Amino acid sequence: MPSQIKVDEIKNVAGQYEIKTDTFKGQTTAGSITVQGEGTNTTNLQQGLAKVLMRSPSNHASIDDSFNVSSLDDDGTGDFGINYTNNFATAYYYPMAHIPSGGSAGNSDGHFLECNSSATSAAEYQAWYGDAGTNLTYIDWPSAHSHFGDLA
C-alpha cells in the first residue's frame, strides 16, 4: 500500500499557500482533477484546457506558433487542414478560430470560416476561409485556432 499524508493545511516555509509540482493526477479517476471555480461552482481541469493552439500566416505554408499541431496541409486557396500530434478521442470536439479583420482581399466586409465536417476527423481539422463581402470568394488569410475536447 502506498504511503499517505493526511493534513488539513499545507504551507511552504515562507508561510504561503503555494505548492510546486510537476504532475497532478486524480486519485480515484486518473486524468480528472476538479477545481474550485467562481462562487460555489467547480469545473473539471482537463475539460477546460485547450488541447490545440495554432497561429498561421495567410499562406498556411508554415506555423507561427502551436501546441499539439504536427503540420498543416494546404489544399488550395482558402482550403487547409490542421493535423494533430495527439488525436482527439472522436471527431466531436469544439474548434474555435480567430480571423483578423481588414486587409485588401476582395470586398473585405468581413471573413467567414467554415468547418468541413465531412473531412474533419479525430486526427485533422479541415476548414475553408473566405471573404464574406458580396463576392463570397475563398481566400488565404492569417488565423489563430484553439480546439477543446477529449484527447484519445
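The values are calculated or read from the model by the stated rules, or taken from the named source; none is laboratory data. Since the structure is predicted, the reported quantities are computational estimates derived from the model, not experimental observations. Reconstructed Cβ throughout: ideal geometry from the backbone, glycine too, with neighbour counts over all protein chains shown.
Before moving on, here are some points about what is shown:
- Annotation for the stretch 15-31: no member residue is assigned to a loop (DSSP other than H, G, I, E, B), of a type in the set (K, R) and touching a strand residue (DSSP E or B) at 6+ places or on another chain (Cβ under 6 Å).
- Residues within the stretch 77-97 that are among the aromatic types (F, W, Y), assigned to a loop (DSSP other than H, G, I, E, B) and surrounded by fewer than 15 Cβ atoms within 10 Å (Cβ to Cβ), tallied: 1
- Verdict on S58 being part of a loop (DSSP other than H, G, I, E, B), of a type in the set (G, A, S), surrounded by 13 or more Cβ atoms within 10 Å (Cβ to Cβ) and at pLDDT below 90: yes
- Note on the stretch 111-144: among residues that are among the aliphatic types (A, V, I, L, M) and more than 20 Å from the chain's Cα centre (by Cα), the one that is nearest to I82 (Cα to Cα) is I139.
- Residues that are assigned to a loop (DSSP other than H, G, I, E, B) and β-branched (V, I, T) were ranked within the stretch 32-51; the one that is nearest to T90 (Cα to Cα) is I33.
- Put simply, of S70, S66, S58, S32 the only residue that is more than 15 Å from the chain's Cα centre (by Cα), closer than 30 Å to A119 by Cβ and of a type outside the set (A, V, I, L, M) is S58.
- For the stretch 118-140, taking the residues that are in a loop (DSSP other than H, G, I, E, B) and among the polar types (S, T, N, Q), the one that is farthest from D75 (Cα to Cα) is identified as T134.
- Hits in the stretch 121-136 (condition: at pLDDT 80 or above and farther than 13 Å from A97 by Cβ): S121, A122, A123, E124
Matching residues to (1) in contact (Cβ under 8 Å) with a residue 40 or more places away in the chain; (2) among the polar types (S, T, N, Q); (3) at positive phi:
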site: V13; (1), (2), (3): no, no, no
site: I19; (1), (2), (3): no, no, no
site: T42; (1), (2), (3): no, yes, no
site: H60; (1), (2), (3): yes, no, yes
site: N83; (1), (2), (3): yes, yes, no
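- Residues that are without any contact (Cβ under 8 Å) to a residue 12 or more places away in the chain and among the small types (G, A, S) within the stretch 62-75 comprise just one, S62.
- Contacts under 6 angstrom Cβ, first residue in the stretch 87-114 being farther than 13 Å from I139 by Cα, partner loosely packed, with under 12 Cβ neighbours inside 10 Å and at pLDDT below 70, 6 or more apart: none
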